[in-house]
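Encoded as structure tokens, the structure appears first; notes follow it.
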Amino acid sequence: MALEILIPGLATTVQDRGRFGYYRFGIPQGGAMDQYAAGLANRLVGNTADEALLECTYLGPKFTVDAPTVIAVTGAPLEVLVNGEAKPSNSRIELATGDEVSFGMLKGGSKFFIAVAGGIDVPEVLGSRSTYPIGKMGGFKGRSLQVGDVVPVGAPLPETLPRLDAVPDELLPTYEREVTVRIMLGLYDHKLTDEGLANLTESVWTLTPVADRMGLRFDGPGAPWKAEEQPFGAGQDPSNITDAGYAVGSIQIPGGTQPIVLHCDAVSGGGYAQAGTVISADMDLFARMAPGTKVRFQSVTMDEALAARAERRARLDRVWS
């Protein structure tokens with residue numbers, strides 16, 4: 001079966017868990033920006049966690065289906081419409097041949113996900129179906145969906161887990177206007193002034209509209225770097241370094257003004273110092289933010305980061321059981 005795209009939405013792409021093992025060659029991991037919410041959608045329709053789905057940004061698509069199927073919509077809260085009739089999100093939705101699916105406005109966050117039983121059946125590129133638009137790689141022809149696209153869907157998979165008709169309330173993600181994001185400082189936090197370090201970890205920052213799958217920019221009091229002679233090969237600004245690799249979640253502060261959190265489609269290295277790195281357990285939070293969200297970056301230890309990762313893993317295990 002297939003989905004016929006009538007309206008593509010703002011930036012609707014095919015994503016999965018990501019493309020791993022190629023970051024050292026400059027190819028980012030990609031994948032859904034909110035892996036937890038994407039996993040909920042796949043679980044509802046009987047897919048494995050590895051199946052590809054649609055990631056939608058702010059404005060959703062409109063599409064029809066050419067065969068009976070099951071879909072689920074998770075992530076940012078919004079109205080789901082089938083032939084103009086409201087249907088619940090975070091639950092299984094049965095569709096008949098020719099049904100038309102559309103969406104209302106988001107009520108929070110920025111990303112939502114549409115899973116279809118059988119998964120979006122586009123070719124794998126370097127082990128993943130995720131779209132990397134800058135590299136024109138993966139997904140549906142390496143790009144966001146367009147009007148008239150016919151997106152193939154795989155055959156439904158044998159369900160090996162008990163059927164889940166709706167996500168229990170206690171497993172749903174939340175979409176808050178004030179968020180705490182845990183970070184580990186380094187590698188270059190020592191280059192911040194005392195004021196800069198205090199501002200980064202103690203002040204409130206506001207997510208700006210300059211935010212996408214590559215990175216998210218925050219406005220606030222600034223985080224100045226120490227004035228010092230730059231090493232050979234670095235730029236003139238104190239935030240510059242001789243090129244180094246970036247971890248996913250790295251926090252750059254160009255010019256000591258607006259922090260930028262690098263996300264799943266970001267470059268793998270460059271010449272800006274990284275003041276800290278968002279822990280892996282909190283990376284999904286950025287897909288749950290809308291411009292204007294207030295954020296505090298809380299410094300944690302490695303042990304605390306590992307404990308958070310274990311807690312997230314346990315929550316995922318509850319979904320996939």
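Each reported figure results from applying straightforward, stated rules to the coordinates on display, with no laboratory input. No experiment lies behind these values; they were computed from the predicted model shown. Using ideal geometry, Cβ is built from the backbone for each residue, glycine included, and neighbour counts are taken over all protein chains shown.
What to note about this one:
- Summing charges over neighbours of Leu285, with a neighbour being any other residue whose Cβ is under 10 Å away from its Cβ, gives -2 when K and R count +1 and D and E count -1.
- The range 38-95 versus the range 138-160: alpha-carbon centroid distance in Å: 13
- Using every pair of distinct Cα positions in the chain, the Kirkwood expression returns a hydrodynamic radius of 20.4 angstrom.
- Residue list for the range 136-151, given a label point 7 angstrom along the Cα-to-Cβ vector of Leu6 and an amide N cut-off under 16 Å: 146-151
- Mean Cα-pair separation over length for the chain, i.e. relative contact order, pairs under 8 Å, 6 or more apart, %: 20
- Calculated over the range 140-189: convex hull of Cα atoms, volume per residue (Å³): 314
- For the range 194-257, the list of chymotrypsin sites (Phe, Trp or Tyr not before Pro) that fall in a loop by DSSP and count at most 16 other C-beta atoms within 10 angstrom reads Phe232.
- If you wrap the tightest convex hull around every Cα atom of the range 200-321 and split its volume per residue, you get 119 Å³.
- Of Gly108, Gly215, Gly235, the one that fluctuates the most in a GNM where the chain has Cα springs shorter than 10 Å: Gly235
- Here's the list of lysines a cross-link from Lys141 could span, going by alpha-carbon distance under 20 Å and ignoring same-chain residues fewer than 8 apart: Lys62.
- Cα-based radius of gyration of the range 37-106 once divided by 2.2 N^0.38 Å, which approximates compact folds: 1.03
- Principal semi-axes in Å for the range 79-134 [√(5λ), Cα gyration tensor, largest first]: 25, 17, 10
- Max mean-square fluctuation residue, GNM over the chain, Cα-Cα springs under 10 Å, options Asp282, Asp169, Asp66: Asp169
- Of Ala223, Ala115, Ala96, the one that fluctuates the most in a GNM where the chain has Cα springs shorter than 10 Å: Ala96
- Judged by the gyration tensor of its Cα atoms, with axes a ≥ b ≥ c, the range 165-208 is prolate; a/c meets the 1.5 cut and a/b is the larger of a/b and b/c.
- Rh (Kirkwood; distinct C-alpha pairs) - the range 2-167, Å: 15.5
- Considering only Pro123, Thr193, Ser102, and ranking their Cα positions along the charge dipole of the range 98-240 that arises from unit charges at the beta-carbon of Lys, Arg, Asp and Glu, the one farthest toward the positive end is Pro123.
- Between the range 193-214 and the range 244-321, the C-alpha centres lie 12 angstrom from each other.
- The orientation-averaged projection of the convex hull spanning the C-alpha atoms of the range 145-277 amounts to 13.0 square nanometres.
- Neighbours of Val210 by Cβ distance under 12 Å: Lys/Arg scored +1, Asp/Glu scored -1, total -1.
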